[in-house]
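The values are calculated or read from the model by the stated rules, or taken from the named source; none is laboratory data. Please read these numbers as outputs of a predicted model, since none were measured by experiment. In this analysis, Cβ positions are derived from the backbone assuming ideal geometry, glycine residues included, and neighbour counts consider all displayed protein chains.
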Amino acid sequence: MGTFNPRIFEWARSTAGLSLEEAAHAIGLKDAHGVSGPNRLGLLEAGKEEPSRPTLVKMAKAYRRPLLVFYLDEPPKKGDRGQDFRTLPGGVEPLYNPVLDALLRDIRGRQSILKSLLEDAEAERLRFVGSATLETPVQALSERITNHLKFDLRVFREQKTIEDAFGYLRAAAESSGIFVLLVGNLGSYHTNIPIETFRGFALADEIAPLVVVNDNDALSAWAFTALHEIAHLWLGATGVSGWVDGQPIEQYCNDVAAQILLPPRELEEFAQIGKPGLEELAERISRFADQRNISRAMVAYRVLRIGAINEKTWKQLRDLFYEDWVAQQEREAIKQKAREGGPSYYVVRRHRLGKALLGIADRSIREGVLTYTRAAKLLGVKARNVEPLLAGEPLSRGGE
């Protein structure tokens, strides 16, 4: 074919999850000379035609791939997710998701910049990373994490809102050297990644350990997800997480996170729960969760783990809570449209990045060791937005 390997075109389309018809429509490939748009795309993928430059640009955009990928000799390997904790042993691997892989590539790139800055500053290695195994008792690891983070459950529960409670946990994690990002898309709601695809990501590193929480999830679930990913750090396990039944490492990290947020002794009132109706049980769990700034789904999971309900009931509760949350999100969206204004772009960005990461970027720029271009990559914004992003309330200086 000359310049291009036609296998690249087929790979890029199929990994984007598009059929020939869908891709031709997305690219704007019209019928020409008696050949339909999908068939014209098929000819490109068969090596019988070459795309024009404008078509190539449209393909890159539709497939969410950098333009340079089309000039490779062979299709690239799948982005490094670390371990995929969403896969059951012997099960089918989750479908390739180009947006998720693009997000994880971006996170790894940002973490590499962060790590180099910390190494240049001679940051100490964090020995807790990889210090536990699945044989470590859940109680023991939950105590280690609680002590290292200096996390006080009473203070967590005293926060006025669930968002404030998560902020307290996040600050504790960042003070201990863990970076916590809220990321659920590639910078636009058009690329939102559903929680069915991923809930969190852990990047275990002794210099710059990082966890990502999918902020498309219910706010009440953020603390649990963050602690779940933090448990992955203690295991030294880099990878992407979902909600998978039967995956040993996921169940273990769920148990550790739940142990920290909801000690077993507090579940005594559910031990002899009897056989209430689903709605009555859901209401009881909701009241219990609201009093503790935790998610209802997590409480239901703990009730399952003590054997008070069976797996069928647990799944019914989980689905019920999820449907209720979706309905609530729709109501909030309607209210938001009715209101004028809202948080500014920079307020939202700062919240998602966290003070620790913003503080290191701010300090490094002032010390002349970080350019605005690299800072933009680290923070996931355009270079022109770096300065106004860092302006505002005083930032912590690298977690100090």
For region 27-55, enumerate the residues that are among the hydrophobic types (A, V, I, L, M, F, W, C) and at pLDDT 90 or above.
ILE27, LEU29, VAL35, LEU41, LEU43, LEU44, ALA46
Which one of LEU353, LEU357, LEU390, LEU370 is within 28 Å of ASN216 (Cβ to Cβ), over 22 Å from the mean Cα position of the chain (by Cα) and modelled with pLDDT of 90 or more?
LEU390
Can you give me the number of residues within region 256-288 that are surrounded by 15 or more Cβ atoms within 10 Å (Cβ to Cβ) and of a type in the set (Gly, Ala, Ser)?
4
Tell me, yes or no, whether region 14-27 has at least one residue that is touching a helix residue (DSSP H, G or I) at 6+ places or on another chain (Cβ under 6 Å), small (Gly, Ala, Ser) and either more than 18 Å from THR191 (Cα to Cα) or assigned by TED's automatic domain parsing to the domain that holds LEU186 (or both).
yes
Restricting to region 98-130, count the residues that are more than 23 Å from the chain's Cα centre (by Cα) and in a loop (DSSP other than H, G, I, E, B).
6
Evaluation of ALA221 against (1) at pLDDT 95 or above; (2) under 17 Å from GLN259 (Cβ atoms) (one fails), failing number
(1)
Is it fair to say VAL155 is within 24 Å of ALA289 (Cβ to Cβ), in the same structural domain as LEU233 (by TED's automatic domain parsing) and free of Cβ contacts under 8 Å to residues at least 24 places away in the same chain?
yes
Filter region 56-70 down to residues that are in contact with a helix residue (DSSP H, G or I) (Cβ under 8 Å, 6 or more places away or on another chain) and farther than 30 Å from SER241 by Cβ and give me whichever is modelled with the lowest pLDDT.
LEU67
One residue from LEU181, LEU219, LEU203 being under 30 Å from ARG284 (Cα atoms) and among the aliphatic types (A, V, I, L, M)
LEU219
Could you check, for region 301-314, whether at least one of its residues is more than 18 Å from ASP217 (Cα to Cα) and either hydroxyl-bearing (Ser, Thr, Tyr) or within 21 Å of the chain's Cα centre (by Cα) (or both)?
yes
Taking the conditions exactly as written (closer than 29 Å to GLN159 by Cα and in a helix (DSSP H, G or I)), does GLU330 satisfy them or not?
yes
Considering only helices (runs of 4 or more DSSP H) fully contained in region 237-295, which possess at least 2 residues that are farther than 15 Å from ILE309 by Cβ and not small (Gly, Ala, Ser)?
248-261, 278-290
